[in-house]
1. Pick from TYR124, TYR82: which is open to solvent by 100 Å² or more (accessible area, probe 1.4 Å) and either part of a helix (DSSP H, G or I) or within 30 Å of ALA35 (Cα to Cα) (or both)?
2. Within region 27-39, which residues are in a helix (DSSP H, G or I), surrounded by fewer than 22 Cβ atoms within 10 Å (Cβ to Cβ) and of a type outside the set (Val, Ile, Thr)?
3. Is there a residue being farther than 18 Å from TYR36 by Cα, modelled with pLDDT of 90 or more and either open to solvent by 90 Å² or more (accessible area, probe 1.4 Å) or in contact with a Leu (Cβ under 8 Å, 6 or more places away or on another chain) (or both) anywhere in region 63-73?
4. Can you name the residue in region 25-47 that is over 13 Å from TYR85 (Cα atoms) and touching a residue at least 40 places away in the same chain (Cβ under 8 Å) and, of all such residues, is farthest from the chain's Cα centre (by Cα)?
5. Filter region 127-150 down to the residues that are open to solvent by less than 100 Å² (accessible area, probe 1.4 Å) and of a type outside the set (A, V, I, L, M), then identify the one that is modelled with the lowest pLDDT.
6. Test each condition in (1) touching a Phe, Trp or Tyr at 6+ places or on another chain (Cβ under 8 Å); (2) modelled with pLDDT under 90 for VAL44 and report the one that comes out false.
7. If a residue must be of a type in the set (Lys, Arg) and either in contact with a Cys (Cβ under 9 Å, 6 or more places away or on another chain) or open to solvent by less than 90 Å² (accessible area, probe 1.4 Å) (or both), how many such residues does region 103-121 contain?
8. Run down VAL24, VAL44 and say which single residue is open to solvent by 70 Å² or more (accessible area, probe 1.4 Å), more than 17 Å from MET104 (Cβ to Cβ) and part of a helix (DSSP H, G or I).
Amino acid sequence: MGQLTFSGEGVDEALELHGRAIRVLEVKGPKANLAYSLRSMGAVYQVKGDHARALDYGERALILARQAGDVLVLKDVAELLYESYKTSGQKGKALDMYELFVQMRDSVKNEEAQREVMRHEFNYQFEKKEALVAAEQARKDAVAAERIKRKEQQRNAFIGGFGLMVLLAGVFLF
């Protein structure tokens with residue numbers, strides 16, 4: 001599980017920037033985005049060692065992430081809360097959040113696996129259609145080449161026949 005690290009000046013800047021993002025998102029923003037910003041603010045407080053504030057932001061983020069139904073945000077919030085509860089000695093709550101984290105992580109992996117299977121199926125279907133189109137084009141090209149060949153043969157037969165008639169006419173007339 002990931003751990004954020006900041007230097008003294010970076011922490012204050014991160015708190016200010018996340019604070020601004022939260023204020024904007026509270027007015028007009030998707031719940032998942034607000035939840036993620038709250039989680040990020042909690043993570044900064046966790047790094048700073050202010051576990052009470054980290055828990056406060058994390059718990060607010062958990063409520064919004066559940067309402068939004070965003071598995072990725074829920075996974076990250078559960079990870080933050082696991083670390084915060086563990087650090088503050090709340091082992092029962094830490095275990096609950098770890099279980100939620102693992103459940104959401106597995107859910108994300110399952111979704112990714114499903115997307116990968118769908119991507120492969122899409123590529124297979126696309127390649128199959130491309131092969132059919134290529135085969136149909138090759139058939140059309142062969143038919144067109146055969147027509148051209150037949151027309152050339154007809155033309156050559158006509159020219160040969162006409163030449164033979166001219167030759168015979170020349171023989172009979174002279």
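1. That would be TYR124, the only listed residue that is open to solvent by 100 Å² or more (accessible area, probe 1.4 Å) and either part of a helix (DSSP H, G or I) or within 30 Å of ALA35 (Cα to Cα) (or both).
2. Result: LYS31, ALA32, ASN33.
3. Going through region 63-73, the residues farther than 18 Å from TYR36 by Cα turn out to be none.
There is no residue in region 63-73 that is farther than 18 Å from TYR36 by Cα, modelled with pLDDT of 90 or more and either open to solvent by 90 Å² or more (accessible area, probe 1.4 Å) or in contact with a Leu (Cβ under 8 Å, 6 or more places away or on another chain) (or both).
4. That would be VAL47.
5. Applying the filter and picking the extreme gives LYS128.
6. Among (1) touching a Phe, Trp or Tyr at 6+ places or on another chain (Cβ under 8 Å); (2) modelled with pLDDT under 90, the lone unmet condition for VAL44 is (2).
7. Result for region 103-121: 1.
8. Numbers: VAL44 fails: open to solvent by 70 Å² or more (accessible area, probe 1.4 Å).
Result: VAL24 is the single residue among VAL24, VAL44 that is open to solvent by 70 Å² or more (accessible area, probe 1.4 Å), more than 17 Å from MET104 (Cβ to Cβ) and part of a helix (DSSP H, G or I).
The values are calculated or read from the model by the stated rules, or taken from the named source; none is laboratory data. Nothing here was measured: the structure is a model prediction, and the numbers come from that model. No Cβ is skipped: glycine too gets one built from the backbone with ideal geometry, and neighbour counts run over all protein chains shown. To get the accessible areas, we keep the full protein, side chains included, count just its heavy atoms, and leave off ligands, DNA and RNA. Shrake-Rupley method; radii C 1.70, N 1.55, O 1.52, S 1.80 Å.
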